[in-house]
Amino acid sequence: MFYREAGDFKTSYASDNQTFPIRFDRLGYFTAMVVAFLVVPFLINDYWANAILLPFLIYAIAAIGLNILVGYCGQVSLGTGGFMAVGAYACYKLMTAMPEVNIFFHVLISGGITAFVCVLFGLPSLRIKGFYLAVATLAAQFFLVWLFNRVPWFYNYSASGQINAPERTLFGIEVTGPNTQAWATYLFCLVFLVGSAWIARNLTRGMTGRKWMAIRDMDIAAEIIGVNPLKAKISAFAVSGFFVGISGALFFSVYLGAVEVGEAFGINKSFLVLFMVIIGGLGSMFGSFAGAAFLVLLPVVLKVVGVDWLGMPTDLVAHLQLVIVGGLIVVFLILEPHGLAQLWRVAKEKLRLWPFPH
């Protein structure tokens with residue numbers, strides 16, 4: 001009975017156009033922020049950080065970036081793993097070349113470098129689209145992985161070809177390296193996720209977002225009414241690359257600490273982030289969070305239920321995970337193309353009307 005709009009009056013355009021128009025949603029949002037910043041850091045441990053929270057925060061940033069490109073602008077991309085690798089290797093080179101600069105700025109600059117690289121590979125979108133654009137971005141994925149493998153300068157001529165994150169601090173607290181604490185790495189990634197979501201939400205609901213959606217729905221009609229396809233598509237690639245680069249930098253420096261590009265940023269990473277966007281919901285900020293949470297929690301739940309409770313073999317559970325993800329993708333594409341976000345919207349609409357039938 002609390003989820004109602006009765007008595008929730010709007011007295012300005014700003015209040016009428018806010019992200020959470022219902023008071024109950026606003027209270028839930030602020031409660032979640034308080035819990036995330038002030039409660040979870042005191043309860044977190046290494047297992048929760050490394051198995052659930054850090055992967056969720058980092059993949060959610062990558063899903064937001066890919067959702068802007070695929071869900072809002074309609075430009076198919078299969079090169080997310082390669083662009084995450086750009087962010088990771090850019091962060092590594094910055095950390096080793098300029099150790100006096102704060103790690104926070106290294107991550108941001110890595111996002112900017114990735115945005116530039118993403119724009120370069122997004123230029124073919126001005127001439128091709130659909131399947132052909134997917135193949136072009138897939139070529140970017142393989143080329144970038146090959147480049148970071150074959151050019152020793154990127155990994156500082158290491159004999160193993162692996163990059164390792166040096167120790168860096170923020171306000172005197174270590175956030176990278178082997179001696180980090182779980183709450184510090186969690187808060188560091190959480191700040192980037194909240195900032196990325198805030199920027200992405202404001203971009204998608206403004207003029208830039210409307211241009212992206214016009215290009216997505218019908219690019220010829222959008223050009224007729226005055227939308228510049230060049231600026232719209234390139235800006236979508238740039239913003240998407242910025243967020244994906246940030247996620248790659250965090251994935252390398254804060255989460256893993258040491259990566260080999262073929263294993264950490266291979267084609268499977270591109271498909272994983274794309275599956276998050278499809279299952280969560282194309283063209284939805286909430287869908288990016290929901291898809292990332294689902295695919296991060298699924299292996300943990302299957303391990304607990306299948307291996308620990310039912311005693312199933314580990315390899316069988318791993319294959320079962322692939323079957324479940326593949327089946328869900330088919331189901332969502334056929335029955336509910338807008339993913340978990342649409343199911344959440346329908347549930348909220350029914351809750352607003354309950355217990356009345358209409």
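The values are calculated or read from the model by the stated rules, or taken from the named source; none is laboratory data. Predicted model only: the values in this text are computed from it and were never measured. Counting neighbours? That spans all protein chains shown, and the Cβs are built from the backbone with ideal geometry, glycine included. Note: accessible area is taken over every heavy atom of the protein model, side chains too, but ligands, DNA and RNA are not part of it. Shrake-Rupley method; radii C 1.70, N 1.55, O 1.52, S 1.80 Å.
Remark on Thr176: its backbone amide H falls under 5 Å from those of Arg168, a criterion applied only to residues 5 or more positions apart or on other chains, H modelled at 1.01 Å from N. Label positions at Leu320 and Ile224, each projected 7 Å from the Cα along the C-beta direction, are separated by 5.4 nm. Trp146 contributes an accessible area of around 130 Å² to the protein surface, as traced by a 1.4 Å probe with all chains present.
Annotation: Cα Rg of the chain relative to the compact-globule expectation 2.2 N^0.38 Å equals 1.02. In this structure the amide hydrogen of Val259, modeled in the peptide plane, comes within under 5 Å of the amide hydrogens of Ile163, none closer than 5 places in sequence on its chain. With the simple model of a label 7 Å out from the Cα in the direction of the Cβ, Ser15 to Val39 spans 2.8 nm.
Given R0 = 25 Å, the distance between the Cβ atoms of Glu167 and Glu260 translates into a calculated FRET efficiency of 0.80. Computed over region 18-91, the range of Cα coordinates on each principal axis works out to 37, 36, 19 Å, biggest value leading. Among Val296, Val323, the order of accessible area from largest down is Val323, Val296, computed with a 1.4 Å probe on protein heavy atoms. Among the listed pairs Lys93/Lys233; Lys269/Lys303; Lys10/Lys348; Lys129/Lys211, which are separated by more than 23 Å between their Cα atoms? Going by Cα-Cα distance, Lys93/Lys233 fall outside the 23 Å limit.
Segment Glu336..Leu297, full-extension length gain: 11.9 nm, with 0.36 nm per residue of separation and the alpha-carbon distance subtracted. Within the chain, helices built from complete DSSP H runs that reach 27 Å or longer along their own axis (Cα positions) and carry a mean Kyte-Doolittle hydropathy of 0.5 or higher are 103-122, 131-150, 182-204, 229-250, 314-335.
The listed residues Asp308, Asp219 rank as Asp308, Asp219 when sorted by accessible area, largest first, using a 1.4 Å probe.
Multiplying the residue separation of Ile128 and Lys350 by 0.36 nm and subtracting their alpha-carbon distance yields 75.8 nm.
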